[in-house]
Every structure is written in C-alpha cells, then in structure tokens.
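Asks: Have a look at this one.
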Amino acid sequence: MSVPVLRNRQARHLFLAQHLLASRPSGTGKGADLKSVINDLGFVQVDSVNTFARAHDLILWSRRQQYRPKALRHLLARDRQVFEHWTHDASVIPIESFAHWRLRFQRDAVRMEERWSEWRRGDFMGKIDAVLRRIADHGQCTSGQVGEDEARGSGGWWDWHPSKTALEYLWRSGQVSVVRRDGFKKVYDLTERVIPAGHLNRRHYPDETIEWCCAGALDRLGFATSGELTAFWDHLTPAEAKAWCAAALAEGRIIEVDVEGVDGKLRRSFAWPDIMDREIPAPVPRARILSPFDPALRDRKRAERLFGFHYRIEIFVPEAKRKYGYYVFPVIEGDRMIGRIDMKREEGVLAIRTFWPEKGVRMGSGRLQALEKELERAAVFGSCEGVRYADGWLRGAG
C-alpha cells in the first residue's frame, strides 16, 4: 500500500494549528483560557533572558495578546493549575501531567547520582538530608538560603556549592517543588506541600507513561518520527519511542506518512490515521513576533525543513562574530517565516535596531504596516511608552 504524502503547505498549516499559531490571538489570556493554551501546547519553556520579555511570557502572548505575566504567576502559585519542572529545559506544565513526571523523577535521580558526583563541586549527596530538614523545619527557601557556611563559587551551574546542587537534585528528583518565583528566583518547598493531593497521590505504570508521552507528543506535533517523539518531552529513551511506534503501527492506531519539506524532499513520519482527512484552514495573515524558544521553533531542524528558516541563538557567540544579534526574535506572517528582528526594551521604549527579511520576502507597504502594528502591540505588552526605530532599521529585501 502506498504511503500518503502530506504536502509542505498542508504540513505547515497543520503544524501551526497544533501550535495555536493559525488563529487570531484572542481570548482573555488568564485563568481557564490560559490553562487551555498550556494544555494544548503540553508545556511552556521558562527562560531568564529579558531583553524585551521572558520566553514563557512571549510564548503565551503570541497566542493570547491580552495575556499578562501575572496570570501565569497566579496559575502556578495561587491556583496550582501548573507546576514547574524539566522537559528539555525548565518549563511550566499542566498539573494533570504531574503523575507522569514520576518516571522522569526516578530516571533523573539515577543520572544525577551517577554523573553529577563526577563533576559537581563537593559532596552534594552528603547534603541531601540537611537540605530536606531545613525545608521541613523552616519552610520555603531559595538556593541562597541553604549552605550558608559553604564557599560560593563563580555562580555558574558547574560551580554551585554542594547544598545548592543538593537542592537542585531534590527538585529534579521530585522531592521538592517550586512554590513560585520571586523575580526569577525559584522558591522551593516539600512536594507534598505544593502539589494538590489528587495529583500527588496518583501513580502510573511505566508503560502507561510511555503511551501518554508518545500519544501526547504526536497530538501536539501532528506528525513525527520516533526521534521527534522521544525529544518532545525528553522523558523516554529512543528505544521506547521506537517500540511504541512499531506497536501502534502494527495495531493500526497510527499510519506512516511522507511529509514534504520546503525543498520538496519527503521525510517518512508517523501520524494519526485521519491526518489526510483533516480540513485545516490557512493561518490568519498577520505578523507575530515569536520567542526564540517558541514551541513551533524549538526543533530547529524541523523548522528549517518545514519553513526554510535557519535560526540559531547567538547569545554565546562573541559579538564580533554574530550574524544578527545577541537575542533576535523570529517573525512569522500567516504560514511563512518572514524575518527576524533585533529589539529590546530601552529607556522606557521598545527600541528597534534591525529587521532582516528572509530571502525572497519583500517588505511592501502592507507587510511593513502589519509589522509596525505588531510592534506597537508588543510595546504595550512590554509596558513601553512607544516604539523607537533606529536609522536604517529595515534592511533590504532578502
């Protein structure tokens, strides 16, 4: 039987719809509406860089332009509708997923005990009990409130003092949880004091979590290889994802499909059986500024295959060697990546340094006006008084 082909345009439309970037960014952006966004995405990556807005806030604002950061803080700290933990990086995750994180807790504990002892400073395992007693007896704490008598290092993650490493171990292994963030500093407490009992006491067998991970990743990606399913939550081993795909394929629960890249090449993937029958409308033709950590772009190779968009963060590239800038934001219009923009909050305004159109993108008056309107909306979101454009900010057509 021939394998169906999902053409590039169809694939882009489906992928953007799954990532909530096809419809207008309307909605309250708080409470149940905000929770539904996080549910649909699966998780939202948290990042500290704040040249304009932190990654998690910009990810949510791109989908709900009434969203403001206080709404996410309420979901975490007040309503306990999300919790913070690790996927491929620190993320906010729906609270309903907590029980499936137990497999991650167990595996991370083993990895940390084996690897961290080799290159972390001091005997962090020897500090575990003391840190737990500190929290049990005195309540919530930050990393700065443990190991007060220990020598501080450079501040880099490779040079934490032993009690800070112990606290991170306890968080990653599920024994303590993030209560809230003060500024961007995590505040921890015992997990049983943070996670609601209904989720805290739920348990799943490993095979149930493997099913949940693979099916949930395929739901959100629309189509995927076994490797992409493995990477989505970063819970599973490649062998577990391959085995799930083989079994689901044999049972007729999933099908194989060839997905066309922007260059016309086909990539064999897995999808739900109804994928070719779905009626996916074209994304609304509006400009959106995305976070460098947006879920639609997190897999850089997939973004390049689907959209022809090559993107790398240049934070760690020496300034003289940067092609674009320290922290440059991707810009999408409809189903097309149209460029990237170097901008930051500066002196009370949103300062636009440079916009680089993608190859083949022409910045006519309509497209330019749409971009400027989005920048005005971004300025409001970022509590800026307005937008300031540098001379020559608009580069020539790509």
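The values are calculated or read from the model by the stated rules, or taken from the named source; none is laboratory data. Bear in mind the structure is a predicted one, so any value in this text is a computation, not a measurement. Backbone-built Cβ (ideal geometry, glycine too); neighbour counts: all protein chains shown. Heavy atoms of the whole protein, side chains included, go into the accessibility calculation; ligands, DNA and RNA do not. Shrake-Rupley method; radii C 1.70, N 1.55, O 1.52, S 1.80 Å.
Asks: Using a 1.4 Å probe, how large is the accessible area of R102, given in Å² and rounded to the nearest 10?
Replies: 50 Å²
Asks: Evaluate the charge dipole of region 243-366 about its Cα centre and quote only its size in Debye, nearest 20, assuming +1 on the Cβ of each Lys and Arg and -1 on the Cβ of each Asp and Glu. Kindly include the intermediate steps, with their values, before the conclusion.
Replies: Values: 23 positive and 19 negative charges, 111 e Å.
Computed about the Cα centre, the dipole is about 540 debye.
Asks: Using +1 at the Cβ of each Lys and Arg and -1 at the Cβ of each Asp and Glu in the chain, identify which of G261, I341, W272 lies farthest towards the dipole's positive end.
Replies: Comparing the listed Cα positions along the dipole, I341 ranks first.
Asks: If you don't mind, another one. Per 0.36 nm of contour for each residue apart, how much would the distance between S365 and V49 grow if the chain were fully extended, relative to their Cα-Cα spacing?
Replies: 110.5 nm
Asks: In nm, to one decimal, how far is the modelled label at M125 from the one at K242, with both set 7 Å along Cα→Cβ?
Replies: 3.1 nm
Asks: Then there is this: Taking a quarter of the surface of the Cα convex hull of region 184-320, what do you get in nm²? Don't jump to the answer; show the numbers that get you there.
Replies: Numbers: hull surface 54.0 nm².
Over all viewing directions, region 184-320 projects a mean Cα-hull area of 13.5 nm².
Asks: Okay, moving on. For a Förster distance of 25 Å, can you work out the FRET efficiency between the beta-carbons of A109 and R133, rounded to the nearest 0.05?
Replies: 0.85
Asks: Which sequence of E304, E385 reflects their accessible areas, 1.4 Å probe, from the largest down? Could you put the intermediate results ahead of the total?
Replies: Numbers: E304 70, E385 165 Å².
Solvent-accessible surface, decreasing: E385, E304.
Asks: With both partners inside the chain, how many of the DSSP beta bridges are antiparallel, as a percent to the nearest 5? Could the numbers behind the result be given before it?
Replies: Numbers: 38 of 44 bridges.
Of the beta bridges lying entirely in the chain, close to 85 percent run antiparallel.
Asks: If contacts are Cα pairs under 8 angstrom and at least 6 residues apart, what is the relative contact order of the chain in percent?
Replies: Computed value for the chain: 17 percent relative contact order.
Asks: Next question. I need the calculated FRET efficiency for the pair K70 and W393, taking r as the beta carbon distance and R₀ as 41 Å, to the nearest 0.05.
Replies: Efficiency, from the Cβ-Cβ distance: 0.85.
Asks: Which ³J(HN,Hα) values, rounded to whole Hz and listed in residue order, are derived for region 341-357 from phi using the Karplus coefficients 6.51, -1.76 and 1.60 in 6.51 cos²θ - 1.76 cosθ + 1.60 with θ = phi - 60°, glycine and proline given as x?
Replies: 10, 9, 8, 7, 7, 8, 6, x, 10, 8, 8, 9, 8, 8, 10, 10, x
Asks: Something else now. Return the long-range amide H neighbours of I338 (sequence gap of 5 or more, or a different chain), with a cut-off of under 5 Å between placed amide H atoms.
Replies: For I338, whose amide H was placed from the backbone, the distant partners under 5 Å are V331, I332, E333.
Asks: Given R₀ = 25 Å, FRET efficiency for W272-D33 by Cβ-Cβ distance, to 0.05? Display every interim value, and only then the final one.
Replies: Working: r = 26 Å, r/R0 = 1.04.
The computed FRET efficiency comes out at 0.45.
Asks: Where in region 1-36 does the amide nitrogen come within less than 13 Å of the point 7 Å from the Cα of E256, taken along Cα to Cβ?
Replies: Taking a point 7 Å out along Cα→Cβ of E256, the residues of region 1-36 whose backbone N falls under 13 Å are 1-5.
Asks: For Cα pairs less than 8 Å apart in space and 6+ apart in sequence, what is the mean separation divided by the residue count of region 23-94, i.e. the relative contact order in percent?
Replies: It rounds to 40 percent for region 23-94.
Asks: Keeping all protein chains in position, work out how much accessible area Y326 exposes to a 1.4 Å probe, and write it in Å² to the nearest 10.
Replies: Spelled out: Y326, probe radius 1.4 Å, area about 100 Å².
Asks: Next question, about the same structure. Please express the shape of region 275-345 as an equivalent ellipsoid: the semi-axes are the square roots of 5 times the eigenvalues of the C-alpha gyration tensor, given largest first in whole angstrom.
Replies: Equivalent ellipsoid of region 275-345: 27, 14, 9 Å, largest first.
Asks: May I have the pair-distance distribution P(r) for region 126-248, computed from all Cα-Cα distances with 5 Å bins from 0 and rounded to whole percent?
Replies: 2, 10, 16, 15, 12, 12, 14, 11, 6, 2, 0
Asks: Can you tell me the dipole magnitude for the chain around its Cα centre, using point charges on the Cβ only (Lys, Arg +1; Asp, Glu -1), in Debye to the nearest 20?
Replies: 940 debye
Asks: 222 nm [θ] for the chain, helices only, -39500 (n - 2.57) per DSSP H run of 4+, per residue, to 500? Don't skip to the answer; put the middle values down first.
Replies: Values: 14 runs with 144 residues, N = 398.
Computed ellipticity for the chain at 222 nm equals -10500 deg cm²/dmol.
Asks: Sticking with this one: Express in whole angstrom the spacing between the alpha-carbon centres of region 1-72 and region 265-293.
Replies: Each part reduced to its Cα centre gives a spacing of 13 Å.
Asks: Oh, and also: Using a Gaussian network model of the chain with C-alpha springs under 10 Å, which one of F232, F124, F15 is most mobile by mean-square fluctuation?
Replies: F124
Asks: Which of the trypsin sites (Lys or Arg not before Pro) found in region 329-365 are loop residues per DSSP with 15 or fewer other Cβ atoms within 10 Å of their Cβ?
Replies: On the way: sites: R336, R340, K344, R345, R353, K359, R362; in loops: K359, R362.
When the trypsin sites (Lys or Arg not before Pro) of region 329-365 are filtered for loop state and at most 15 Cβ neighbours within 10 Å, K359, R362 remain.
Asks: Moving on to the next point. Just to be sure I understand the model, the point goes 7 Å from the Cα along the line to the Cβ. What's the resulting D219 to A320 distance in nm?
Replies: Reported label-point gap for D219 and A320 is 5.2 nm.
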